[in-house]
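Visitor: Have a look at this one.
Here, each number is a calculation from the coordinates, and none is a lab measurement. The structure presented is a predicted model; accordingly, all values stated were derived computationally and were not measured.
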Amino acid sequence: MAHTIIADIDRDLVAALDARAGLLTLRAILLRYKDCGVTAAQVAALLQELRPSMQNGAQEGPLEDGILDALDMVTGWCTPQLRVWDEAGNDHAS
């Protein structure tokens, strides 16, 4: 099981990933982490931990895609409109 950052937000994130939520829903959840002072590196670590636990034996698929999409928004490998943490700030994951 992945470590806990903020239990309520963690549950919402996992539920959104399970439901194959869209990018804007995932971004809204990620913004909640940022608003609570959580760093991009912390959220990236959580998402990396979730990858094997949510794959259910499959190497690729919708769950993996959702986690990777969320990681892209956390690390800045996305359009500026979807980026959550400012790459110029110290909270940008590398």
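Visitor: Once phi is turned into ³J(HN,Hα) by the Karplus curve 6.51 cos²θ - 1.76 cosθ + 1.60 with θ = phi - 60°, what whole-Hz value does each residue of the range 22-37 show in order, with x for glycine and proline?
Guide: After applying 6.51 cos²θ - 1.76 cosθ + 1.60, I find x, 4, 5, 5, 4, 4, 4, 5, 4, 5, 5, 4, 4, 4, 8, x Hz.
Visitor: Right, another one. Determine ³J(HN,Hα), in whole Hz, for all residues of the range 67-78 in sequence, where each value follows from phi through the Karplus function 6.51 cos²θ - 1.76 cosθ + 1.60 and θ = phi - 60°; x replaces Gly and Pro.
Guide: With the stated coefficients, the range 67-78 comes to 5, 5, 4, 5, 4, 4, 5, 6, 8, x, 8, 7 Hz.
Visitor: If you don't mind, another one. Using 0.36 nm times the number of residues separating ALA45 and THR25, minus their current alpha carbon distance, what extension gain do you get?
Guide: Here the answer is 5.2 nm.
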